[in-house]
Amino acid sequence: DQQVKQNSPSLSVQEGRISILNCDYTNSMFDYFLWYKKYPAEGPTFLISISSIKDKNEDGRFTVFLNKSAKHLSLHIVPSQPGDSAVYFCAARRGNTDKLIFGTGTRLQVFP
Amino acid sequence: DAGVIQSPRHEVTEMGQEVTLRCKPISGHNSLFWYRQTMMRGLELLIYFNNNVPIDDSGMPEDRFSAKMPNASFSTLKIQPSEPRDSAVYFCASSLQGSNQPQHFGDGTRLSIL
């Protein structure tokens with residue numbers, strides 16, 4: 001049973017426009033969420049996170065929105081750049097554990 | 001700063017052979033995680049340690065898989081005997097336990113079992 005779902009396996013966006021990556025979760029006990037970016041032949045690298053007490057967290061071009069009632073979070077990248085082309089993983093954690101549950105990833109391609 | 005170091009980067013071996021993957025976490029981190037990435041299932045947590053003690057091994061597929069952390073700077077994941085379905089990329093990650101600090105990943109070991 002996939003507790004964290006990324007239903008779009010891929011996304012293609014023009015450079016300069018907004019990229020929106022979506023993630024849904026089923027476990028209401030999750031209270032901390034993270035986004036990781038992964039380039040080929042490298043490990044995932046941490047991008048941005050959000051606690052369940054917030055509904056938005058922003059870091060430069062990256063903003064994560066959390067809708068707890070819908071059990072949905074999204075990552076916005078504005079403006080998108082070709083270097084953002086990578087696989088993006090959403091992950092969730094319960095407060096009493098260090099265990100992360102990952103989604104299956106969305107491959108973002110930003111074209112000129 | 002040195003990140004999480006995994007070895008080997010690539011391993012190709014025949015079915016039935018023993019495979020040992022190695023990981024050196026970031027110095028000072030006291031939590032260590034082993035993940036497996038496949039096309040079908042994405043990133044799955046296999047096992048994690050806090051202060052060298054295994055905390056959750058519910059993701060370990062079967063008895064052929066074992067993991068150890070003899071000290072704070074070294075961990076191994078062993079598969080014996082290996083099978084073709086074990087082919088995947090295996091990642092190690094480390095973090096500070098109990099904090100909201102993110103997990104830092106190594107670059108992975110790409111394992112191919114023929």
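Need the list of lysines near A:K68 for cross-linking: C-alpha distance under 28 angstrom, and skip anything on the same chain fewer than eight residues off.
Counting by Cα, and skipping residues close in sequence, A:K68 has these lysines nearby: A:K5, A:K37, A:K38, A:K54, A:K56, A:K99.
Which FRET efficiency, nearest 0.05, do B:S73 and A:R17 yield, Cβ-Cβ r, R0 45 Å?
Efficiency for this residue pair is about 0.50.
Express in whole angstrom the spacing between the alpha-carbon centres of the stretch A:59-105 and the stretch B:13-46.
Taking the Cα centre of the stretch B:13-46 as reference, the centre of the stretch A:59-105 is 23 Å away.
Aspartates and glutamates within cross-link reach of B:K24: Cα-Cα under 18 Å, excluding same-chain residues under 8 positions apart?
A:E42, B:D1, B:E11, B:D107
Each label point is 7 Å from the Cα along the Cα-to-Cβ direction; what then is the distance between the points at B:T38 and B:N52, in nm?
In this crude spin-label approximation the distance works out to 3.3 nm.
Going highest first, how would you order B:39-48, A:3-12 by mean Cβ packing within 10 Å? Could you put the intermediate results ahead of the total?
On the way: B:39-48: 17.3, A:3-12: 14.5.
Ranking, from highest mean packing down: B:39-48, A:3-12.
Rounded to a whole number, what % of the accessible area of the stretch B:1-101 do carbon and sulfur atoms account for, probe 1.4 Å? The partial results should precede the final answer.
On the way: 2540 of 5240 Å².
Here carbon and sulfur together make up 48 percent of the probe-accessible area.
With charges only on Cβ, +1 for K and R and -1 for D and E, what is the dipole size of chain A about its Cα centre, in debye, rounded to 20? Present the calculation step by step, with values, prior to reporting the outcome.
On the way: 13 positive and 10 negative charges, 32 e Å.
That gives a dipole near 160 debye.
Once a ≥ b ≥ c are taken as the square roots of the eigenvalues of the Cα gyration tensor of the protein assembly as shown, is the result rounded (a/c under 1.5), prolate (a/b larger than b/c) or oblate (a/b not larger than b/c)?
In terms of gyration-tensor shape, prolate.
Is the C-alpha gyration tensor of the stretch A:30-112 telling us rounded, prolate or oblate? Criteria: a/c under 1.5 is rounded; beyond that, a/b larger than b/c is prolate, otherwise oblate. Walk me through the intermediate numbers first.
Numbers: a/c = 2.26, a/b = 1.44, b/c = 1.57.
Oblate, because a/c is 1.5 or more while a/b does not exceed b/c.
How well do other chains shield peptide B:9-16, expressed as the mean number of their Cβ atoms within 10 Å of each residue Cβ?
For this peptide, the per-residue mean of nearby foreign Cβ atoms is 0.
The values are calculated or read from the model by the stated rules, or taken from the named source; none is laboratory data. Quantities reported herein were computed from a predicted structural model and do not represent experimental measurements. All Cβ positions, glycine included, derive from the backbone under ideal geometry; neighbour counts span all protein chains shown. These accessible areas exclude ligands, DNA and RNA; they are computed on the full protein's heavy atoms, side chains included. Shrake-Rupley method; radii C 1.70, N 1.55, O 1.52, S 1.80 Å.
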